[in-house]
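Reviewing the structure listed below.
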Amino acid sequence: MTPGPSKSDRRAAVADYRRKKTVAGVFRIGCAATGQTWVGQALNVETIQNRIWFALRHAGSPHADLQAAWTATGGEGLTFEILDYVEEASVMARDTVLKDRLAHWRAHFAASTI
């Protein structure tokens, strides 16, 4: 049996993970079958798809229309794309830009908000 990573290797991996910079942004989920579009924002736009897909797979999404689209298509009909990255220095500036970009993309796609 092969031993797993050493304790120091695990500590180094955890430290690297904590140092990793996250990037906020705006994303879109589309359903080809229904033509529906949802737009949302996340403080870590690189990982939000995994979180949403996990909730949908386990019928735990708080967004009933998104959950219905997932159930109807088995998830195969949904697409995910990142629309904007927001790399503002201050939290207040980042939140303001996120809110503005979310409103822009929601209007552009006539989308529901996630």
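A few points about this structure:
- Magnitude of the charge dipole, the chain, Cβ model with Lys/Arg +1 and Asp/Glu -1, debye to 20: 520 debye
- The alpha carbon centroids of segment 92-107 and segment 1-59 are separated by 21 Å.
- Size of the chain: Rg and Dmax of its alpha carbons, in Å, are 17.5, 57.
- Using R0 = 30 Å, the C-beta based FRET efficiency linking residue 76 and residue 12 works out to 0.20.
- Amide H partners (placed H, <5 Å) of residue 23, local residues excluded: 45, 46
- Span-like helix ranges in the chain, DSSP H, alpha carbon extent 15 angstrom or more, Kyte mean at least -1.0: 91-109
- With R₀ set to 22 Å, the beta-carbon distance separating residue 96 from residue 22 gives a calculated FRET efficiency near 0.75.
- Of 64, 5, 113, farthest towards positive along the dipole that unit charges on Lys, Arg, Asp, Glu beta carbons give the chain: 5
Quick note: the coordinates plus some simple rules give every number you see, no bench work behind them. Here the structure is a predicted model, which is why all the values come from computation and not from measurement. As a convention, Cβ positions derive from the backbone with ideal geometry for all residues, glycine included, and neighbour counts pool all protein chains shown.
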